1. If packing is taken as the average count of other Cβ atoms within 10 Å, what order do 189-197, 163-171 fall into, highest mean first?
2. Could you sort the peptides 42-48, 365-371 by per-residue average Cβ neighbour count (10 Å cutoff), highest mean leading?
3. Under the 0.36 nm per residue contour assumption, what length would be gained going from the current alpha-carbon distance of residue 112 and residue 245 to full extension?
4. Just for region 318-440, what percent of DSSP beta bridges are antiparallel, to the closest 5?
5. Could you give the C-alpha radius of gyration of region 318-440 expressed as a fraction of 2.2 N^0.38 Å, taking N as the number of residues it contains?
6. Hey, can you rank 66-74, 320-328, 341-349, 388-396 by average C-beta count inside 10 Å, highest first?
7. If you stretched the chain out fully between residue 175 and residue 430, how much longer would it get, using 0.36 nm times the residue separation minus the C-alpha to C-alpha distance?
8. Residue 124 to residue 70: extension gain in nm, 0.36 nm per residue of separation minus the Cα-Cα distance?
């Protein structure tokens, strides 16, 4: 009887022990789980604090960046305004800068038409060369200013390369001949789309550069058709361009070193690069030191010229003698220089005035054969206004030429509307003579 009780108790004790072990095991597992969750909680809290700290740092960095952006925006606005002010200054000052130069060149031309001894002739030639250098530099500075302006307007239209070549040949043949070089411009009938003024400046700079750096041989200018494009090509047999200079020749004021010869200004190729980039004309260059260089400019082809090109008007002839030119020029020196060229060189009758009112009084009931008016006159008066008033007073259109130092396409458009041609300062006597002969022939 007692043994049965002991067995029962033993079994109960064993069962309770197993239950206790299971409970203890569960409690241990719960403790372990609790410890892991607590660690995760602590890690989450630490991570949240780190995120908050990084967020504060990021917000501070963004605030600093925003402040820097505002400072950069203000600096950029100041820089753009300074650039616009520079452009406005150059545009406004160009008239005052080129006016005395233009008058001096006209006076020098009148002087060269007189009897000079050998020494005086040499002095006049040296003065002419100095004026040409000043004019070239001023045109280069004004061109760069215009090309750097964001508001520049290009007047793209069909350009007859053959006609342009004729003008370039007449302009640069004496320069090449003076150096004993051959200058050849191959005939072409190609018509391309470009801004005629800037395309001519591109060609002028490339030809001038080729002549400057060529001592023997010559320069060849041609047009080669390739599909829908035409490559304007300028070959020379000059000193060539070394490999280390090829990446820098289009930079401002970079001159290729050479022995002897007149140094360039280092602006011509910079103008070429800027103009080609603005017009969308790809430019390429190949060169071999000691054997020459070729520059190529790709131009969009329009169509070949279908009409025969008129022959150039000779620079001398009786068609201007005795014709009446009404000059409207507020600058006394320029007015006198124009009078000397028109009367003494071209044999015309020059009636000089200083503004619109004086021109109307001078004309009276006898309209002149041609009006030559400076664009900038006194007290807000302009050559365009003067020509328009003369047309109204005469009751008819009068051939007119506007002379200006401003490279403003609006002046050209306004002149075309009233049938007036625009000549830029400094005014060349040969250009004035050729223009008058074309208008009055």
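Bear in mind these aren't lab numbers, they're just calculated from the coordinates by the rules spelled out. Treat the numbers as computed from the prediction; the structure is a model and nothing was measured. As a convention, Cβ positions derive from the backbone with ideal geometry for all residues, glycine included, and neighbour counts pool all protein chains shown.
1. Details: 189-197: 19.6, 163-171: 17.1.
Sorting 189-197, 163-171 by mean packing, highest first, produces 189-197, 163-171.
2. Working: 42-48: 10.0, 365-371: 17.4.
My ranking of the peptides, most packed first, is 365-371, 42-48.
3. Values: separation 133, 0.36 × 133 = 47.88 nm, distance 4.10 nm.
In short, 43.8 nm is gained.
4. On the way: 1 of 19 bridges.
Taking every DSSP beta bridge with both residues in region 318-440, the antiparallel ones total about 5 percent.
5. Details: Rg = 13.0 Å, N = 123, 2.2 N^0.38 = 13.7 Å.
After normalising by residue count via 2.2 N^0.38 Å, the value is 0.95.
6. On the way: 66-74: 10.0, 320-328: 20.0, 341-349: 18.2, 388-396: 14.8.
Taking the mean over residues of other Cβ atoms within 10 Å, the ranking is 320-328, 341-349, 388-396, 66-74.
7. Numbers: separation 255, 0.36 × 255 = 91.80 nm, distance 1.53 nm.
Full extension from residue 175 to residue 430 adds 90.3 nm.
8. Numbers: separation 54, 0.36 × 54 = 19.44 nm, distance 5.78 nm.
That works out to 13.7 nm of additional length.
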